[in-house]
Structure formats: C-alpha cells, structure tokens
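Below: the structure, in structure tokens.
Laboratory data are not the source of any read-out in this text; all were calculated from the coordinates shown. No experiment lies behind these values; they were computed from the predicted model shown. Here the Cβ is made from the backbone with ideal geometry for all residues, glycine too, and neighbour counts use every protein chain on show.
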Amino acid sequence: MVLRTIRLGEADRIVTLLTEGRGKVRAVAKGVRKTKSRFGSRLEPISHVSLQLYEGRQLDTVTQAETVDHFRAIREDLDRMTRASALLEVADQVAQEGEPNGALYRMLVGALRSLAAHSSPLLVTGFYWKVLSLEGFHPMLESCATCGNDGPFVAFDLTEGGVLCRSCRRGQPISDDALSLIRRVLGGSLASALAEPSSPFTSEAEALATRAMEHHLERRLRTANLGLLGDAPTP
C-alpha cells in the first residue's frame, strides 16, 4: 500500500509503502513526475500495488509497478478520501521500517476495501481501536479501570486505558450508546457496527478513538483537523 510520497529532485519521488512481509519500506521512484513516466499514477497514496524493488543501502528503487487496486470509489468522494487519509496516516505512524507487520497490512487493505464499498461513519473508529488493540493497548470496557467496579460507567480515561465509574470519574465523559458501539467494534461485531448510520454517538465514538490514538502516538493527527469528526455529546 502506498502511504505517502514526497518530491525528490526535479522528476523523482520517495514513496513510503506498507508491505506485508517487510513492514514499512521507502523507495525512490525515478522519473515518476514526468508526463511519460511508465509508473504514472500507480504510485499515488491510496494505491494497492505490486512492486519490484532494487534493494539499496538506505532507499530501495522501484523498478516495476503494477496496480492491484486504485480505489476509484474513494478517490471520487471527498468524504471517503478524508477517511482514507486518516487510515494511511495512522498506518504510517504505527508501522516500523523493516519490521514485518502482516496484521496491520491486512487491516489497512481490508479497511480501504470496506471504505470503497461503503462509507461507514464508524470505519475510522473501528480501524483505530483495532490498531490500538494490535499494539497492545486494548481498552478496559467491562470494569472500572481504576477500582474494578462493574459500572455504571460515565467516563473514559486515556491514562488509565479504559472506562471509569462515577466514584473514579475523570477524563473524557462517555455515553452508554458510544460505549456500546466501541464494545461491538472490539467484541467481534465489527460488521454490524459498521452498518450503523451516522449519529451523535458514532461521532462521539470516533472522537474518542482519535484522542486515544493521539495519546498512544504522542502526537496530533493531521487528519483530525480535516473536518472528519463531529461534535461529541456530553452524557
């Protein structure tokens, strides 16, 4: 998967890729910005490609590129493009160069295919929570992360890594409906959660997922400022 590109010289680009077997890879695509380039638009972000690379000391060189999926339905819709950009940014931040992460690769490809088929308001939410779980930061959702109380829960604390009861309340308020959506995403009911229509609670769950991801990465996500998230209600 092509995650991002940057210009190099007058005609080349450095392409950052997420691969199934080698993790994140950076490669030079020579002459790709020329109008007669044989690679053309194949190496644009949100492209699923099959590549042949010449391995270099610091950067590989692209010698052959074939398109597997260009995700046209995403590229022709601004909302889907915004959501796809959010997926790519997180994958780029989580993946490590030279360290295989087949699960992350398959999750990204699957999420983009789902997005191309249907622009679910919970797709980015689901991806973020699944990635956090993959990274070892599965949130505590069934008992208070501080005292172990079994509810009711009124808040989510990023430092504690889960929901909090009324006695331990701090952090971000969370509604019962948003909590239910997150539980479905992480509890094996992702497909049904993705079928949910847009609502204040899907926006709340997405906003919390973004804050949790930024807390894990210790940086702001650029795509969080692109109008992706709605206002989360206060319970």
Q: Over all alpha-carbon pairs of region 120-225, lay out the pair-distance distribution in 5 Å bins, whole %, shortest bin first.
A: 2, 14, 25, 25, 21, 11, 2, 0
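Can you give the FRET efficiency for residue 183 and residue 147, using 1/(1 + (r/R0)^6), R0 = 30 Å, r = Cβ-Cβ distance, to the nearest 0.05?
Values: r = 20 Å, r/R0 = 0.66.
After rounding to 0.05, the efficiency reads 0.95.
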Q.
To test your reading of the geometry: what angle, between 0 and 90 degrees and rounded to tens, separates the Cα axis of helix 102-117 from the longest principal axis of the chain?
A. 90
Q: Measure nothing but the geometry: give the 0 to 90° angle between the long axis through the Cα atoms of 78-94 and the longest principal axis through the Cα atoms of the chain, rounded to 10°.
A: 90
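So, counting K/R as plus one and D/E as minus one, what does the shell of residues with Cβ under 11 Å around residue 129 add up to? Mind dumping the intermediate values first?
Numbers: positive: 130, 183, 184; negative: 135, 206.
Neighbourhood net charge equals +1.
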Q) All other residues with a Cβ under 12 Å from the Cβ of residue 169 taken together, and with Lys, Arg as +1 and Asp, Glu as -1, what is their net charge? A) 0
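Using the Cα atoms as the points, what is the convex hull volume per residue of region 2-71 in Å³? Numbers along the way, then the final one.
On the way: hull volume 5.6 nm³, N = 70.
Measuring per residue, one finds 80 Å³ for the Cα hull of region 2-71.
Over the chain, what is the relative contact order in percent, taking alpha-carbon pairs closer than 8 angstrom and at least six residues apart? Walk me through the numbers before you get to the answer.
On the way: 425 pairs, mean separation 36.2, N = 235.
Result for the chain is 15 percent.
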Q. Around residue 24, which amide H atoms from residues at least 5 apart in sequence, or from another chain, sit under 5 Å from its own amide H, with H modelled in the peptide plane?
A. 19, 96, 97, 98, 99
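Let me check against my output: what whole-number percent is the relative contact order of region 120-225, with C-alpha pairs under 8 Å and at least 6 apart?
Values: 149 pairs, mean separation 32.1, N = 106.
Relative contact order comes out at 30 percent.
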